[in-house]
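Enquirer: Below are the structure tokens for one structure; questions will follow.
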Amino acid sequence: MSGIYDEPELYQLACAYRDVPAEVTALLAWCARHGALPGGRPAASVLELAAGPAEHARELAGRGLRATVLDRSPAMCAYAAAQAKASGTDLDVVEADMRDFRIEGTFDVAITMLNSLCHMFTLDDMVRHLVALHGHLAPGGLYIVELAHPADFFTPVPRTSSEWTVDADGVHAEVRWGGREDRIDPLTQVTREHMTITATSEDGTIRTVSDVVPNRFWTLTEFRAAVALANGGIAAEGFELVASYGDFDETTELDAPTAWRMILVLLARDGKERHRIAR
């Protein structure tokens with residue numbers, strides 16, 4: 001039986017509750033607010049990591065950015081390329097591991113959406129990822145990361161639901177992804193999340209995929225530690241955490257009761273950039 005990452009169409013359907021255009025508007029607003037590119041120019045290029053169907057990168061490409069996506073799943077890469085071609089969107093697709101990759105050029109902004117960094121299972125994984133990424137960011141560029149909010153794991157009532165339904169393009173989908181019955185390993189902070197998507201088309205055709213997906217959750221303290229360790233392995237000045245948000249807007253603080261995501265904004269610095277800002 002294939003896993004969820006071998007079924008990009010069903011994966012995209014399961015995530016159809018997201019308002020990708022609104023989220024991209026927020027991403028661009030944060031780029032304008034927190035970026036420090038030379039001359040104050042706006043971001044013109046984006047790298048989406050663990051991109052899957054690459055919906056955010058495709059939306060950004062449609063708004064004029066040069067877009068590249070990276071994913072280690074051949075099925076996801078093929079699907080993202082096909083979707084971009086079908087819509088007439090320019091998109092470069094790279095099949096690679098986000099812990100250790102080298103691609104041509106640098107980017108003004110990088111993004112990782114949908115808690116995809118949950119696949120960094122150890123501190124070493126996260127540090128390797130950050131070091132690899134920094135070499136592909138322009139000085140003054142940003143790395144914007146969307147993680148699950150720690151309140152999902154540390155409070156009696158999670159901020160997000162593990163079961164939902166989606167209706168899109170004539171297909172009805174019932175989704176279950178994780179839940180409190182999937183116990184977290186207290187030593188590794190990894191949960192083996194049981195997930196199922198059942199999609200029913202208007203003609204009665206039913207498609208189902210079930211999988212067990214390992215998922216490591218990260219606290220803010222741990223992520224800060226990973227950044228500090230990564231900075232020790234970066235020749236330039238590394239990353240600085242410059243902002244955090246609890247939703248895709250400018251008003252929801254990370255510690256707000258309504259915060260449902262942990263969105264972190266990292267600024268890529270080097271010596272010249274620090275000098276320019278300090279003057």
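Enquirer: Cβ-Cβ distance below 9 Å, separation of 6 or more or different chains: which pairs start in the stretch 21-44 with a residue that is free of Cβ contacts under 8 Å to residues at least 40 places away in the same chain and more than 19 Å from residue 247 (Cα to Cα) and end on one that is of a type in the set (S, T, N, Q) and part of a helix (DSSP H, G or I)?
Expert: Filtered contacts from the stretch 21-44: no entries.
Enquirer: Does the stretch 21-41 contain at least one residue that is farther than 30 Å from residue 201 by Cα, surrounded by fewer than 20 Cβ atoms within 10 Å (Cβ to Cβ), in contact with a Cys (Cβ under 7 Å, 6 or more places away or on another chain) and not aromatic (Phe, Trp, Tyr)?
Expert: No.
Enquirer: I want to confirm something. Restricting to the stretch 79-104 and keeping residues that are part of a helix (DSSP H, G or I) and in contact (Cβ under 8 Å) with a residue 40 or more places away in the chain, which single residue is surrounded by the most Cβ atoms within 10 Å (Cβ to Cβ)?
Expert: 80
Enquirer: Something else: Suppose the filter is among the aliphatic types (A, V, I, L, M), surrounded by 15 or more Cβ atoms within 10 Å (Cβ to Cβ) and outside the structural domain of residue 49 (by TED's automatic domain parsing); does residue 171 pass it?
Expert: Considered against the rule, which asks whether it is among the aliphatic types (A, V, I, L, M), surrounded by 15 or more Cβ atoms within 10 Å (Cβ to Cβ) and outside the structural domain of residue 49 (by TED's automatic domain parsing), residue 171 comes out as yes.
Enquirer: For the stretch 1-20, which residues satisfy the criterion of being of a type outside the set (A, V, I, L, M) and part of a helix (DSSP H, G or I)?
Expert: The answer is 5, 6, 8, 9, 11, 12.
The values are calculated or read from the model by the stated rules, or taken from the named source; none is laboratory data. All of these numbers come straight from a predicted model, not from anything done at the bench. In this analysis, Cβ positions are derived from the backbone assuming ideal geometry, glycine residues included, and neighbour counts consider all displayed protein chains.
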